[in-house]
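Written below as structure tokens is the structure these notes are about.
The values are calculated or read from the model by the stated rules, or taken from the named source; none is laboratory data. Here the structure is a predicted model, which means the values were calculated and not measured. Backbone-built Cβ (ideal geometry, glycine too); neighbour counts: all protein chains shown. Ligands, DNA and RNA are excluded from the accessible area calculation, which covers all protein heavy atoms including side chains. Shrake-Rupley method; radii C 1.70, N 1.55, O 1.52, S 1.80 Å.
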Amino acid sequence: MNATLPTAEALRAALAGLLDGLPPKQAGTAVDRLIAHYRGTIPTDAPVLRDRSDVAAYAAYRMPATFEAVRAALDALRAAAPDWAPATHTDVGGGTGAASWAVAGEWEGHRTTVLDWAEPALALGRELAGASAPPALRTAEWRRARIGKDLDLAATDLVTISYVLNELTGQARTALIDAAAAAAQAVVVVEAGTPDGYARIIEARDRLTAAGLTVAAPCPHSGACPIEPGTDWCHFSARVSRSSLHRQVKGGSLPYEDEKFSYVVATRFAPRPVAARVIRRPQIRKGQVLLELCTRDEGLERATVTKRHGELYRAARDTDWGDAWPPPQDAA
């Protein structure tokens, strides 16, 4: 049973308890510095999270959004491999464990190991996990490790690498992806939904397929990306619910935000990729829906679905950015 919804609620409750009493000014200063890093392009060889105030601010600023982005990528993996479930999971550069929370919301009964080089992040991750309901989080191992070319990854079923590649040099990124490909049955990499984030995903995708893995999502194939470099980038959007505390720390008023992200899922086993995926928000007009698609055989394609298509038209009106097309019940 998919427990993502209660896991998301448990995460919000754990964050609320963690940040209760944290001075808003202190949190705001740390958030401003983290935003500057998050939007930057210069890799760092030092941990970004330096102390508990940094980590608490990070948890409020990034954990809910990272959770939802990783959850969306894991949903795509589940759709491509509905009969597969990991017995072991390694969260590389996992920090406070947002990706591990997402994995715990998708499967039960697995063992998670979180690797990060920032001890304050690991300590807070342990604290959050101790207050959570999913057993995989309560029993997770939180281990300090330098993330980069010297990382030794033990064999595992699932590796998640979320919002980590931006912090590494090119050589370290290559070594990390190669190590993940050698260690895991399934690798999930998530980056910011920016041109630079997409470029890092394409780099990772190329390394994973060169190592013999098959792309399971979001692409409907393992061939070259049909997007001409420099003209566009592939990214998706996840809706993130924001608590009042979250809004306070991030300085916003809306009850939600949209996290833009790019990702790739690749597997050692044979997945069932979609025939096509919606790569832009559908345009709903009177009597028709315009879908921008990445297809298995025809590359990039625009499909116009009108009322005369009957059930398919109704399905198109309910289709969202990032969804498979056609919907599973209509696929041949």
The stretch 94-139 - residue that is charged (D, E, K, R) and in contact with a Lys or Arg (Cβ under 8 Å, 6 or more places away or on another chain) and, of those, modelled with the lowest pLDDT:
GLU119
Subset of the stretch 56-87 (residues that are open to solvent by 20 Å² or more (accessible area, probe 1.4 Å) and more than 14 Å from GLU106 (Cα to Cα)):
TYR58
Out of the stretch 147-160, which residues are open to solvent by 20 Å² or more (accessible area, probe 1.4 Å) and touching a Pro at 6+ places or on another chain (Cβ under 9 Å)?
ASP157
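Pick out the one residue from ALA204, ALA154, ALA172 that is touching a Gly at 6+ places or on another chain (Cβ under 6 Å), among the small types (Gly, Ala, Ser) and under 16 Å from GLY93 (Cα atoms). So that I can check it myself, show each step before the final result.
Details: ALA204 fails: touching a Gly at 6+ places or on another chain (Cβ under 6 Å); ALA154 fails: touching a Gly at 6+ places or on another chain (Cβ under 6 Å).
After applying the criteria, what remains is ALA172.
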Only one of (1) in a helix (DSSP H, G or I); (2) of a type in the set (D, E, K, R); (3) modelled with pLDDT under 75 fails for GLU9. Which number is that?
(3)
Could you please find all residues in the stretch 279-327 being assigned to a loop (DSSP other than H, G, I, E, B) and open to solvent by 70 Å² or more (accessible area, probe 1.4 Å)?
ARG281, LYS286, ARG296, ASP297, GLU298, ASP320
Residue count, the stretch 120-146 (criterion: surrounded by fewer than 21 Cβ atoms within 10 Å (Cβ to Cβ), free of Cβ contacts under 8 Å to residues at least 60 places away in the same chain and closer than 22 Å to ALA172 by Cβ)
4
What strands (runs of 3 or more DSSP E) lie completely within the stretch 76-158 and have 3 or more residues being under 30 Å from ARG277 (Cα atoms)?
88-92
Tell me, please, whether a residue that is open to solvent by 50 Å² or more (accessible area, probe 1.4 Å) and either in a strand (DSSP E or B) or among the hydrophobic types (A, V, I, L, M, F, W, C) (or both) can be found in the stretch 176-192.
yes
